[in-house]
Each structure stands twice: as C-alpha cells, then as structure tokens.
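Undergrad: Have a look at the structure that comes next, please.
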C-alpha cells in the first residue's frame with residue numbers, strides 16, 4: 001500500500017481508533033506508541049544480476065511492558081498529528097510503500113507489509129502480513145509466462161517489478177540455476 005493512500009484513509013476518519021492486526025487476526029494491544037517513522041531506500045542486486053532501487057516508509061510500533069490489557073488504541077487524529085510533525089521535519093515519500101515494524105516480548109520484530117486497510121465500526125483496521133523472500137528473476141519469469149528465462153544459470157529479466165528502476169548488469173557466470 002502506498003503511503004499517500006494509507007495516510008489519506010487515516011485522515012478521513014479522525015475519530016476512529018487505529019488498530020493493527022497480524023497473524024490470524026491477533027491485535028497489537030492498545031496503548032502502543034509510534035516510536036519512529038523512517039524513510040528507507042533500498043539499492044540491491046538480485047540473483048539475476050539486476051539492480052533494483054525502491055523506497056519505503058516504515059512506521060515502528062512499540063507496546064510498553066506495563067500496558068493495561070484494556071488500553072485504548074491510538075485515535076486516528078493523534079496518529080495524523082504525529083505523522084504531520086514528522087513529515088514537516090523529514091518529508092515522507094508519498095509514493096513509497098508503507099511498512100509496519102512491530103515486535104513484542106513474545107514476538108520477534110519484523111517489518112510487515114500492509115495487506116489491507118479497512119474502515120469498520122470498531123476503527124481503522126490495518127491488516128499486516130509478514131514479509132516473504134523471493135527470487136525476483138524467477139518471479140518475473142512467472143509473470144512473463146516464458147517471455148524471459150534463465151539461460152546457462154544467468155537470469156536477465158526484461159521488466160520492472162516492485163522497483164523504481166531495474167537495470168540488468170553484465171551477466172556474471174553462475175553455475176546451476178539462477179537462484
């Protein structure tokens with residue numbers, strides 16, 4: 001989900017609580033804090049030897065150890081105010097993907113993808129999903145249905161995928177499959 005879509009939805013419903021759901025509808029406890037909002041840029045080379053660049057805005061959630069079980073989640077208006085302050089000091093990329101960083105004493109910290117944002121009577125529900133690894137050249141080949149393929153262990157995808165720029169580099173000799 002793009003940052004602009006996320007923040008627009010939150011701002012449209014200032015009186016609703018902002019709730020985060022993960023792993024089979026488990027809810028991040030109310031009383032969480034927004035401890036950091038950060039711009040991130042990734043410059044990578046995949047196993048097919050292509051360069052990728054993309055940006056994310058990562059929202060970090062923290063739940064204090066002594067939080068009351070019935071603590072209320074943050075109101076969307078409070079979140080929007082925090083967002084506005086941060087955006088005024090470090091402009092947040094509106095066209096980037098938004099991610100949620102969350103962990104607890106029972107759960108390893110991870111950066112989650114936002115799968116869905118729902119406006120419900122209970123509040124704005126942010127459904128987050130764990131990250132997954134992938135072989136970008138293989139994913140591209142599947143999307144292309146054979147348009148490009150790995151030849152002699154070298155993958156040369158011809159299209160962009162979840163990147164702002166994909167630049168194939170000179171093929172490096174690789175033995176076996178491309179991944």
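The values are calculated or read from the model by the stated rules, or taken from the named source; none is laboratory data. Bear in mind the structure is a predicted one, so any value in this text is a computation, not a measurement. Using ideal geometry, Cβ is built from the backbone for each residue, glycine included, and neighbour counts are taken over all protein chains shown.
Undergrad: Given (1) farther than 19 Å from residue 38 by Cα; (2) surrounded by 12 or more Cβ atoms within 10 Å (Cβ to Cβ); (3) modelled with pLDDT of 90 or more, identify the lone condition not met by residue 121.
TA: Here residue 121 meets the rest and fails (2).
Undergrad: Residues 67, 124: which one is in contact with a helix residue (DSSP H, G or I) (Cβ under 6 Å, 6 or more places away or on another chain) and within 21 Å of residue 16 (Cβ to Cβ)?
TA: 124
Undergrad: Which of the residues that make up segment 83-93 are exposed (fewer than 15 other Cβ atoms within 10 Å of the Cβ) and either within 20 Å of residue 1 (Cα to Cα) or in contact (Cβ under 8 Å) with a residue 12 or more places away in the chain (or both)?
TA: Result: 84, 90, 91.
Undergrad: Also, quick follow-up: Looking at residue 39, is it assigned by TED's automatic domain parsing to the domain that holds residue 17 and in a strand (DSSP E or B)?
TA: So residue 39 passes the test.
Undergrad: State whether one or more residues within segment 60-82 are under 20 Å from residue 25 (Cβ atoms), assigned to a strand (DSSP E or B) and either without any contact (Cβ under 8 Å) to a residue 60 or more places away in the chain or not assigned by TED's automatic domain parsing to the domain that holds residue 17 (or both).
TA: Scanning segment 60-82 turns up at least one residue that is under 20 Å from residue 25 (Cβ atoms), assigned to a strand (DSSP E or B) and either without any contact (Cβ under 8 Å) to a residue 60 or more places away in the chain or not assigned by TED's automatic domain parsing to the domain that holds residue 17 (or both).
Undergrad: Given 44, 9, which one is touching a strand residue (DSSP E or B) at 6+ places or on another chain (Cβ under 7 Å), modelled with pLDDT of 90 or more and assigned to a helix (DSSP H, G or I)?
TA: Every option except 9 fails the conditions.
Undergrad: Taking residue 132, is it modelled with pLDDT of 55 or more and either assigned to a strand (DSSP E or B) or within 14 Å of the chain's Cα centre (by Cα) (or both)? Let's see the steps before the verdict.
TA: Details: modelled with pLDDT of 55 or more: yes; either assigned to a strand (DSSP E or B) or within 14 Å of the chain's Cα centre (by Cα) (or both): yes.
In short, yes.
Undergrad: Also: Between 53, 44, 35, which is free of Cβ contacts under 8 Å to residues at least 24 places away in the same chain and over 20 Å from residue 115 (Cα atoms)? Please lay out each step first, then the result.
TA: Values: 53 fails: free of Cβ contacts under 8 Å to residues at least 24 places away in the same chain; 35 fails: free of Cβ contacts under 8 Å to residues at least 24 places away in the same chain.
Residue meeting the stated conditions: 44.
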